[in-house]
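For reference, the structure is listed below as structure tokens.
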Amino acid sequence: MSDKNYDPSEADQEKVEGGANPKWSNLPTVSFRKLQRKTLGQILVESAALTEEQLELALKKQAQSSAKIGEILVEEDLLTEEDVLKALAYQLDLPYYARLPTNDIDPSLVDSIPIQFCRDHKILPVAKDDFNVTVAVADPLNIFPLDDLRLILSTNINMIVSPPAVIENSINRVYERSNDASQKVLDDLNAPDVGADDDLEETRDLLESTDDEKPIIRLVNGLLARAAKERASDIHIEPYENEIMVRFRIDGALQDKMQIPRRHASTLATRIKIIGKLNIAEKRVPQDGRIAFRVAGKDIDVRLSVLPTAHGERIVMRLLDKSTGAKRLEDMGLDPEIFKRWIHLIEQSHGIILVTGPTGSGKTTMLYASLMHINTSDINIVTIEDPVEYQLAGVGQVEVKEKIGLTFMEGLRSILRQDPDVIMIGEIRDGETAGIAIQSSMTGHLVFSTLHTNDTATTVTRFLDLGIQPFQVSSTVLGIMATRLIRKLCQNCRDAYEPLDGELTLMGLTREELAGRKIYRAGDGCEECGGQGYIGRMGVHELMILDDDIRDVLLLSQDSNKIKKKAIEKGMKTLRDSAILKVLGGLTSLEEALANTQTDDLR
């Protein structure tokens, strides 16, 4: 069905398809007196999106139920929800917008409207003039919430039609801007009622914060909501001599976001410690806690770390979006050859499989994806983690609680009495844990774990440093994957360029080999990427499988360079190789690839 048949004018059609922001003030006033004589089914048939036979069958099914004809057609996969909405908008002579210019919607339009009201009814005020408010709706036939809205706003209502998902996304974004307390309350912090004696309700959406809450509460809520909105992985609150600096880590890079007067350091720290259930009276020793909150319908889990410094308590909050769930192994961005070999590895019956890299490099995400790939009803998988990041269906997950004596060691001993087939250890931190992992693999268990090392070869020597004998490593460790996360270029504003000879050398390519391929670098930034030139991150990987040749080198010499050299001779692609493939694919820049991978001088 073409959009031209359903939009009120060619100008409006251009706005929808071309992506330009419509001028809300010029939208026509619409009433239900302009009803078309044709039925919704006739309109859909005439548009060639539906046949007469399909319509007839749908009408027969409708006669036997109370469902709407559009709902039946969508349920039977005869039409999309968008097809039905366009036809309905045409029938009612209403404008249809496939997108809404959310950034142009004045947040003050929703000041008097509860966010849950808009979510429940899929409606959102988008524009206002002297006499009317224009409201986007997902169901133009449901006029009762519009009557309520007319009373709330004390004005006439005009309607436009948009898909439910578009309206829901716009609701979240408009209310985020309306409730950006992190900026609006800085001036209020001098008010006499500043305090931190109320607890954060974990189940309430932070976008529902109200102006009558104390400024410090609104400040913390606003920081959390803003961080979630901007896809930040960490919030850093750093006290210095004259101010408190707030920084967000976005796509692996720290960005300055706000400065708060130094005199509010104690109150801010107290508020955060309260919602993290920490001891507010203790300011001399480090403390760790957790916070759970909801923003824009997403459940966010926060790991809280408080560290005393010379100028006050330094706070870092790591954000984890629990609504996204664990990723599939197919979505981890593994190169086809590495993916094939990794699948073969994780399907073994016993042995140790390790994932290595620095903090925040995607190690746990890789382990979760691997566990879910092999998770079937005929095997028993148990994990010991600190903390449990995602709930995995069909997997027994134990969380470390050192305060009550449930350490990795104690948890592992108990897990071995649970008849597991597969064990995941969140991290091997000491020789005792490494020893139990070795013993478990020798007695018929498949063990997954992580270590903090730079690459695959140094992981072997790290095991030896923990007191494990070389013959134990060679006989139990099946394979090691090193992983890193690098930023992805914004596909909207990236720039193609001709690399210099020195850059080609760093990539290990000649100009002839590069022929026909484009190399991109970060552009000047755009609205989509927030002016950064990058948006999102992806993984690069290095997989070393311990075959007989590599085991021989390990037994003769514990030198990580010799082990890595032998692995490269056997065809291992390094982290640098993996990153360069992403550069050649136009997914990242050479600068980003080089900054996050070590130069390999062994070849």
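Looking only at residues that are touching a strand residue (DSSP E or B) at 6+ places or on another chain (Cβ under 8 Å) and buried (at least 21 other Cβ atoms within 10 Å of the Cβ) in the range 575-586, which one is farthest from THR365 (Cα to Cα)?
VAL583
Please name all residue pairs, on different chains or six or more residues apart, with Cβ atoms under 9 Å, provided the first residue is in the range 511-536 and is on the phi < 0 side of the Ramachandran plot and of a type in the set (Lys, Arg) and the second residue is in a strand (DSSP E or B) and at pLDDT 80 or above.
Listed by first residue and then by second, the contacts come to LYS518/ALA496; LYS518/TYR497; ARG521/LEU489; ARG521/ASP495; ARG521/ALA496; ARG521/TYR497.
From the list ARG341, ARG318, ARG328, ARG314, which residue is in contact with a Lys or Arg (Cβ under 6 Å, 6 or more places away or on another chain) and basic (Lys, Arg)?
ARG318
Six or more apart or on different chains, Cβ atoms under 7 Å: show the pairs whose first residue is in the range 353-379 and free of Cβ contacts under 8 Å to residues at least 24 places away in the same chain and whose second is surrounded by 15 or more Cβ atoms within 10 Å (Cβ to Cβ).
Pairs found: ASN375/ILE381; ASN375/VAL395.
Residue-wise test of (1) of a type outside the set (D, E, K, R); (2) surrounded by fewer than 20 Cβ atoms within 10 Å (Cβ to Cβ).
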{"position": "ARG511", "(1), (2)": "no, yes"}
{"position": "GLY531", "(1), (2)": "yes, yes"}
{"position": "TYR534", "(1), (2)": "yes, no"}
{"position": "MET544", "(1), (2)": "yes, no"}
{"position": "ILE550", "(1), (2)": "yes, no"}
{"position": "LEU555", "(1), (2)": "yes, yes"}
{"position": "ASP559", "(1), (2)": "no, yes"}
{"position": "LYS573", "(1), (2)": "no, yes"}
{"position": "ALA593", "(1), (2)": "yes, no"}
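Quick one: is TYR90 of a type outside the set (S, T, N, Q), at pLDDT 75 or above and open to solvent by 70 Å² or more (accessible area, probe 1.4 Å)? It would help to see each step written out before you state the result.
Details: of a type outside the set (S, T, N, Q): yes; at pLDDT 75 or above: yes; open to solvent by 70 Å² or more (accessible area, probe 1.4 Å): yes.
Yes, satisfied.
Within the range 429-441, which residues are of a type outside the set (Ser, Thr, Tyr) and touching a residue at least 60 places away in the same chain (Cβ under 8 Å)? Steps first, answer last, please.
Here is the first cut: in the range 429-441, the residues of a type outside the set (Ser, Thr, Tyr) are 429-432, 434-439.
Listed by number, the residues that qualify are ALA437, ILE438.
Okay, residues lined up against (1) outside any loop (DSSP other than H, G, I, E, B); (2) farther than 18 Å from LEU85 by Cα; (3) small (Gly, Ala, Ser); (4) out of contact with any Pro (no Cβ under 8 Å at 6 or more places or on another chain):
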| residue | (1), (2), (3), (4) |
| --- | --- |
| GLN116 | yes, yes, no, yes |
| LEU124 | yes, no, no, yes |
| LEU141 | no, no, no, yes |
| ASP148 | yes, yes, no, yes |
| ILE152 | yes, yes, no, yes |
| ILE157 | yes, yes, no, yes |
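For the range 423-498, give me every one of the strands (runs of 3 or more DSSP E) that falls completely inside it and has 2 or more residues that are open to solvent by less than 10 Å² (accessible area, probe 1.4 Å) and out of contact with any His (no Cβ under 8 Å at 6 or more places or on another chain). Before the answer, list the steps.
Values: elements: 446-451, 477-489, 495-497.
Passing ranges, in order: 446-451, 477-489.
Taking the range 281-291, which residues are surrounded by 15 or more Cβ atoms within 10 Å (Cβ to Cβ) and more than 20 Å from the chain's Cα centre (by Cα)?
Result: LYS283, GLN287, GLY289.
For the range 98-125, give me each residue that is under 12 Å from ARG173 (Cα atoms) and either hydrophobic (A, V, I, L, M, F, W, C) or open to solvent by 60 Å² or more (accessible area, probe 1.4 Å) (or both).
LEU100, ASN103, ASP104, ILE105, ASP106, VAL110, ILE115, LEU124
Provide a single number: the residues in the range 494-534 that are within 25 Å of ASN454 (Cα to Cα) and β-branched (Val, Ile, Thr).
1
Quick check: anything in the range 588-601 more than 29 Å from GLU330 (Cβ to Cβ) and either in contact with a His (Cβ under 8 Å, 6 or more places away or on another chain) or of a type in the set (S, T, N, Q) (or both)?
Yes, the conditions are met somewhere in the range 588-601.
Given VAL133, VAL110, VAL137, which one is over 25 Å from ALA87 (Cβ atoms), at pLDDT 85 or above and aliphatic (A, V, I, L, M)?
On the way: VAL110 fails: at pLDDT 85 or above; VAL137 fails: over 25 Å from ALA87 (Cβ atoms).
So the residue among VAL133, VAL110, VAL137 that is over 25 Å from ALA87 (Cβ atoms), at pLDDT 85 or above and aliphatic (A, V, I, L, M) is VAL133.
Taking the range 292-313, which residues are surrounded by 17 or more Cβ atoms within 10 Å (Cβ to Cβ) and closer than 13 Å to ASP234 by Cα?
Just the residues of the range 292-313 that are surrounded by 17 or more Cβ atoms within 10 Å (Cβ to Cβ), to begin with: 293-296, 300-304, 306, 312-313.
Once the filter is applied, which keeps residues that are surrounded by 17 or more Cβ atoms within 10 Å (Cβ to Cβ) and closer than 13 Å to ASP234 by Cα, the range 292-313 yields ILE300, ASP301, VAL302, ARG303, LEU304.
Quick one: would you say GLY539 is under 30 Å from ILE352 (Cβ atoms), within 24 Å of the chain's Cα centre (by Cα) and either surrounded by fewer than 20 Cβ atoms within 10 Å (Cβ to Cβ) or in contact (Cβ under 8 Å) with a residue 12 or more places away in the chain (or both)?
Working: under 30 Å from ILE352 (Cβ atoms): yes; within 24 Å of the chain's Cα centre (by Cα): yes; either surrounded by fewer than 20 Cβ atoms within 10 Å (Cβ to Cβ) or in contact (Cβ under 8 Å) with a residue 12 or more places away in the chain (or both): yes.
Yes, satisfied.
Filter the range 229-273 down to the residues that are open to solvent by 10 Å² or more (accessible area, probe 1.4 Å), outside any strand (DSSP E or B) and under 16 Å from GLU313 (Cβ atoms) and list them by number.
Across the range 229-273, the qualifying residues are TYR240, GLU241, ARG262, ARG263, HIS264, ALA265, SER266, THR267, THR270.
Are any of the residues in the range 300-319 of a type in the set (A, V, I, L, M, F, W, C), free of Cβ contacts under 8 Å to residues at least 40 places away in the same chain and not in a strand (DSSP E or B)? I'd like the intermediate steps shown before the answer.
Applying the first criterion (of a type in the set (A, V, I, L, M, F, W, C)) to the range 300-319 yields 300, 302, 304, 306-307, 310, 315-317, 319.
Imposing the further condition that a residue be free of Cβ contacts under 8 Å to residues at least 40 places away in the same chain reduces the set to 304, 306-307, 310.
When the remaining residues are screened for being not in a strand (DSSP E or B), the result is 310.
The answer is yes; a qualifying residue exists.
Every residue in the range 499-509 that is charged (D, E, K, R) and surrounded by 12 or more Cβ atoms within 10 Å (Cβ to Cβ), please. It would help to see each step written out before you state the result.
Our first condition is that a residue be charged (D, E, K, R); within the range 499-509, this holds for 501, 503.
Selection gives GLU503 alone.
The values are calculated or read from the model by the stated rules, or taken from the named source; none is laboratory data. Worth saying up front: this structure is predicted, and the values here are computed from it rather than measured. No Cβ is skipped: glycine too gets one built from the backbone with ideal geometry, and neighbour counts run over all protein chains shown. Note: areas computed on protein heavy atoms with side chains; ligands, DNA, RNA excluded. Shrake-Rupley method; radii C 1.70, N 1.55, O 1.52, S 1.80 Å.
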